[in-house]
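To start, the structure itself, in structure tokens.
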2 protein chains.
Amino acid sequence: MNTYSATVTVRLKSGVLDPEAETTKRALERLGFELDALRSVDQFELELPAESESAAAETVTEMAERLLANPTLHDYDVTVERR
Amino acid sequence: MNTYSATVTVRLKSGVLDPEAETTKRALERLGFELDALRSVDQFELELPAESESAAAETVTEMAERLLANPTLHDYDVTVERR
């Protein structure tokens with residue numbers, strides 16, 4: 001078994017409202033910053049044992065499907081590299 | 001003025017407890033997944049007007065210092081690219 005590092009990036013699907021990001025954008029504007037858009041993204045950095053890079057990617061995709069992302073609201077990407 | 005895309009990645013400093021990540025890790029373990037570590041990271045994806053890439057990076061670093069990150073708890077990275 002090797003150890004792999006994986007990153008799961010979870011974003012709201014386009015069209016889903018993100019009031020937290022909207023609030024952060026307005027707070028920055030109140031501080032005098034000018035910005036066209038702000039989007040917040042959740043990332044999970046994992047370390048896990050697996051037989052191969054493809055086995056690690058499969059496991060992490062299953063973690064995303066079952067717990068880390070909500071497929072109704074979120075899109076997600078998985079990247080894996082050997083440590 | 002050009003438009004730039006910037007990403008601010010905010011991580012808890014090492015040694016700062018992250019009970020949310022600990023709970024997520026335990027929930028994955030209860031689902032039968034084996035993992036050595038899980039860290040959660042916040043990312044902000046911004047679009048902003050600026051005179052140059054370095055001016056955009058300076059503005060976004062100031063946003064991170066003033067609002068997006070708490071320097072007592074967090075480390076952050078800023079990346080900028082022209083759209």
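Taking Cβ atoms as reference points and 13 Å as the exclusive limit, the residues near A:Thr79 contribute a net charge of -3, counting Lys and Arg as +1 and Asp and Glu as -1.
When A:Pro49 is represented by a point 7 angstrom out along its Cα-to-C-beta vector, the spacings to that point in the other copies are 5.6 nm, nearest first. Orientation-averaged projection of the protein assembly as shown equals 10.6 nm² [convex hull of Cα atoms, one quarter of hull surface area]. GNM on chain A, alpha-carbon springs under 10 angstrom: the most fluctuating residue among A:Ala21, A:Ala57, A:Ala69 is A:Ala21.
Which value, in debye to the nearest 20, gives the size of the charge dipole of chain A about its Cα centre, when Lys and Arg are +1 and Asp and Glu are -1 at the Cβ?
Values: 9 positive and 17 negative charges, 47 e Å.
So the magnitude is around 220 debye.
Report the FRET efficiency, 1/(1 + (r/R0)^6), for A:Asn2 and A:Arg66, where r is their Cβ-Cβ distance and R0 is 22 Å, rounded to 0.05. The partial results should precede the final answer.
Values: r = 23 Å, r/R0 = 1.05.
FRET efficiency, A:Asn2 to A:Arg66: 0.45.
Across chain A, the mean sequence separation of Cα contacts (distance under 8 Å, 6 or more residues apart), normalised by length, yields a relative contact order of 55 percent.
What's the local net charge at B:Ser54, with K and R +1, D and E -1, over the other residues with C-beta under 15 Å away? It would help to have the intermediate numbers written out before the result.
Details: positive: B:Arg82; negative: B:Glu51, B:Glu53, B:Glu58, B:Glu62, B:Glu81.
In short, -4.
On the rotation that sends chain B to chain A, the chain B Cβ lying closest to the axis gives residue and distance in whole Å as B:Gln43, 3. Buried surface between chains A and B: roughly 2800 Å² of accessible area, summed over both sides, computed with a 1.4 Å probe on protein heavy atoms only. With axes computed from alpha carbons, what is the tilt in degrees of helix B:53-63 against the longest principal axis of chain B, rounded to the nearest 10 within 0 to 90? Taking the Cα atoms of chain B, the angle to B:53-63 is about 50 degrees.
What accessible area per residue comes out for the protein assembly as shown, rounded to a whole number of Å², with a 1.4 Å probe?
Values: 9700 Å² over 166 residues.
Each residue of the protein assembly as shown exposes 58 Å² on average to a 1.4 Å probe.
Each other copy holds its own label point for A:Pro71; taking that point as 7 Å from Cα along Cα to Cβ, the gaps run 4.5 nm, nearest first. Plainly put, the tip 7 Å out from Cα toward Cβ on A:Ala27 is 2.3 nm from that tip on each other copy, the closest given first.
Its alpha carbons considered, chain A gives a radius of gyration followed by a Dmax of 16.4, 52 Å. Relative to the Cα centre, the charge distribution of the protein assembly as shown, modelled as +1 at Lys and Arg Cβ and -1 at Asp and Glu Cβ, gives a dipole magnitude of about 300 debye. Protein heavy-atom surface of the protein assembly as shown, 1.4 angstrom probe: 44% of the accessible area is carbon and sulfur, with nucleic acids and ligands not counted. Taking the charge dipole of region A:2-82 about its Cα centre, with +1 at Lys and Arg Cβ atoms and -1 at Asp and Glu Cβ atoms, the residue from A:Ala64, A:Val16, A:Tyr76 reaching farthest to the positive side is A:Val16.
The values are calculated or read from the model by the stated rules, or taken from the named source; none is laboratory data. All values reported here derive from a predicted model rather than from experimental measurement. Here Cβ is always computed from backbone atoms with ideal geometry, including for glycine, and neighbour counts include all displayed protein chains. The area values use the complete protein model at the heavy-atom level, side chains included, leaving out ligands, DNA and RNA. Shrake-Rupley method; radii C 1.70, N 1.55, O 1.52, S 1.80 Å.
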